[in-house]
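Structure first, then comments.
The values are calculated or read from the model by the stated rules, or taken from the named source; none is laboratory data. Computed from a predicted structure; not experimentally measured. Cβ placement follows ideal geometry from the backbone for every residue including glycine, while neighbour counts extend to all protein chains displayed. Surface accessibility is based on the protein's heavy atoms, side chains included, excluding ligands, DNA and RNA. Shrake-Rupley method; radii C 1.70, N 1.55, O 1.52, S 1.80 Å.
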Amino acid sequence: MIESIDNALIDWSRSQFALTAMYHWIFVPLTLGLGIIMAVMETIYYKTGDEFWKRTTKFWIKLFGINFVVGIATGLIMEFEFGTNWSNYSWFVGDIFGAPLAIEGILAFFLEATFVAVLFFGWEKVSKGFHLASNWLTGIGATLSAWWILVANAWMQYPVGMEFNPDTVRNEMVNFTEVAFSPVAVTKFFHTVLSGWVLGAVFVVGISCWFLLKQRNIRFALASVKIGAILGIVASVLVAITGDRSGYDVARVQPMKLAAVEGLYEGQASAGLVAVGMLNPKKKTYDDGVEPFLFRIEIPKLLSYLAARDGDAFVPGIKDLIEGGYRLPDGTLALSAEQKIEKGQMAITAMVRYREAMKNGNQEQADEARRILRENASYFGYGYIKDPHKLVPDVSLNFYAFRIMVILGGYFILFFAVVIFLSYKKKLETLKWMQWIALLTIPLGYIAVQAGWVVAENGRQPWVIQDLLPVSEATSKLQVGSVQTTFFLFLLIFTVLLVAAIGIMLREIRKGPDGEEDPSSEAAM
C-alpha cells in the first residue's frame, strides 16, 4: 500500500518540482529554436561559401551553447527529483516512466554531447560537410531528447501500454509502441517543439532588431531577421494546428482539464469557446450556485467543435464530470466521482486481499481478488480521493494561462507577418518603433511557453498520473524542512545560473558577429 503524506510535504514537493521545471523550461525552448535556425544558416554557408554566413552562424551558435549548458544543469536536477521527492511515484510506475528517460539519456543526449563538441571546436578541424552534419545532428539530438521526455510526460497525461502487477504493486509496460507513439505523445511533441521554434524565432528577430536600433551589423541583422521571421510564421501556424489537435485529445482523455480551462461548470450542447472573459472570484466550488463569470464573450459552437469535431456536441462541465449521468460518445452513462471513488476503493481492497491470499496460499481467493482488481484497475487512483471537490483543478489559473498562451500565439502570427512584409519592403531598417516592438516581444515568447506548461501540468491536478495516482500518494516520505531547505537552495542556484546565463549572452550580443564589443551599446542592454 502507498502511504499517505501530510499536505505541507505535498505542497512543498510540488513547489520544488514546479520551480525546477519552470527554470528548466526557460532554456529548453530556445535550445530547440536556435538549433534549427543555426543549422539553416550554416546550410546557406555550405552552399554559398560566403564567409558572412559562417560568422552569422557562429554568433548564434555561441548563444545556443550558453543556453544549452544551463539547460542541461537544470534538467539533471529535475530528473534526480523523481527519485528523491517522488519515490512512491518512481516505484509505482518506474518500469514505464524510466524507459523513455533512459532512452533519452543513452541515445539522444549522447548524440548531442558527441556532435556539440564538433559544432563549437571543429570549424578548422573537420570538413565543411562534416561540420554542417554536426550542426544538424546537434539540433536533431536536442529534438530527440524532447521526444522521449515528452513521451514520458504524455504517458502521465494518458497512461497506456501497461498492466498493474499486484505481486509487485507496480504498473509494468506491456506495449512499448503504445507508450512511445500514443496520439497524446505525438501531438504533445509537435506542439511543444514547434513552440520552441517560435521562441527561437522571436529571440533571433528581437536580438537582430537590437542591432538595427544600434545601427550595427546591418546585413547580419536583416539576414537573421528574414530567416527567423520565416521560420517563426510557419512554426506559429503549425503550433495553432497542433494546439487544436491537443484540445481534441484533452477533451477525450482529460475532460476535467478542458472544463477548467474553459471555466465550464455546467455542460452544454453547442458550447461556445470563451474568447474573452473574467471569472467571478466569488465562485469557489462547482456546486455553490454562484455564476462563474462576471462577463464573457464566446465564439458560438467552437468549444463543441474543438472537443468532438461537431458544433452541436455536448461538452460536459465540471459539475457533470463530478455528478456523472450524462451520455458518453459510446452511448453509456458517465460514472459519478463517488462511483469512481467506490471502484477505486474496491481495487485497493482487492489488491490487499490478493496479496494476503497469495501469502496464505489460498489460490481461489487470490484469483477472485485479482478479477475484482482487474475490473476496477482503471479507477485505482480514485480510491485515495476523499473529497470529490479535490478532483477539480485550479480553474482561474488554467483559464487565464490558456488565454495568455492563445492570445500570444495569435500575436506571434501577426508579428512575424508584419516583420516579413517590412523586411522584404526594405522598411524594417528605418522603423525604430517596429524594432522596439521586436525587442520587447522576446519576453512574451517566454511567457507563452511557460503558460502552456502551466495548463498542461496544473490542468491535470490532482493527478500525477491521470486517474491512477494522485499527487498526494506519489511523494517521498521526507521531512518538510528538508524539502523547504532544498527549495530555497535550488531557487538561489537557479537564479544565479539564470543571471549568469543572461549576463554572458548579453556580453556576446554586445560583441556581435565580429567579436568586437561596441562600448556605446552597453548601457542599452
Taking 0.36 nm per residue of sequence separation and subtracting the Cα-Cα distance, how much length would be gained by fully extending the chain between residue 237 and residue 288, in nm to one decimal?
14.3 nm
Tell me the relative contact order for the chain as a rounded percent, counting alpha carbon contacts under 8 Å between residues six or more apart.
20
Taking R0 as 51 Å, what's the FRET efficiency between residue 169 and residue 302 from their Cβ-Cβ distance, rounded to 0.05?
0.70
Project the alpha carbons of the range 221-340 onto their principal axes and report the range along each, largest first, in whole Å.
60, 36, 25
For the range 178-283, just the Cα atoms, rotate onto the principal axes and tell me the three extents in Å, largest first.
57, 42, 22
Please sort 197-209, 456-468 by packing, taking for each peptide the average over its residues of neighbouring beta carbons within 10 angstrom, highest first.
197-209, 456-468
If you take the square roots of the eigenvalues of the alpha-carbon gyration tensor of the range 405-525 and sort them as a ≥ b ≥ c, do you get rounded (a/c under 1.5), prolate (a/b over b/c) or oblate?
oblate
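Taking Cα pairs under 8 Å and at least six residues apart, what relative contact order does the range 113-252 come out at, in percent? Could the numbers behind the result be given before it?
Details: 121 pairs, mean separation 27.1, N = 140.
It rounds to 19 percent for the range 113-252.
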What ranking, highest mean first, results for peptides 431-437, 112-118 when packing means the other Cβ atoms within 10 Å averaged over each residue?
112-118, 431-437
Place +1 on the Cβ of every Lys and Arg and -1 on the Cβ of every Asp and Glu in the chain, take the dipole about the Cα centre, and give the residue among 204, 498, 98 whose Cα lies farthest towards its positive end.
204
In nm, the gap between the two label points placed 7 Å beyond Cα toward Cβ at residue 358 and residue 51 is 7.1
Roughly how many Å is it from the Cα centre of the range 336-352 to that of the range 309-325, as a whole number?
23
Just to check I understand the Karplus step: with θ = phi - 60° and J = 6.51 cos²θ - 1.76 cosθ + 1.60, what whole-Hz values come out for the range 19-32, glycine and proline as x?
4, 5, 5, 6, 5, 4, 6, 5, 9, 4, x, 5, 4, 5
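Need the full-extension length gain, residue 130 to residue 269, defined as separation in residues times 0.36 nm minus the C-alpha distance. One decimal, nm.
Roughly 44.3 nm would be gained on extension.
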Between helix 480-511 and the chain, what is the angle of the helix's C-alpha long axis to the longest principal axis, kept within 0 to 90° and rounded to the nearest 10?
20
If I model a spin label at residue 425 and residue 511 as a point 7 Å from the Cα along the Cα→Cβ vector, what separation in nanometres do I get?
3.8
Any chance you could give the angle, 0 to 90 degrees and rounded to 10, that helix 183-213 forms with the longest Cα principal axis of the chain?
30
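Roll a 1.4 angstrom probe over the protein heavy atoms and tell me the percent of accessible area of the range 99-164 that is carbon or sulfur.
Values: 2110 of 2760 Å².
So the carbon and sulfur contribution to the accessible surface is 76 percent.
Between residue 230 and residue 95, what length in nm is gained on full extension when 0.36 nm per residue of separation is reduced by their alpha carbon distance?
Numbers: separation 135, 0.36 × 135 = 48.60 nm, distance 4.21 nm.
Between residue 230 and residue 95, full extension yields 44.4 nm more.
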For a Förster distance of 25 Å, can you work out the FRET efficiency between the beta-carbons of residue 386 and residue 478, rounded to the nearest 0.05?
0.65
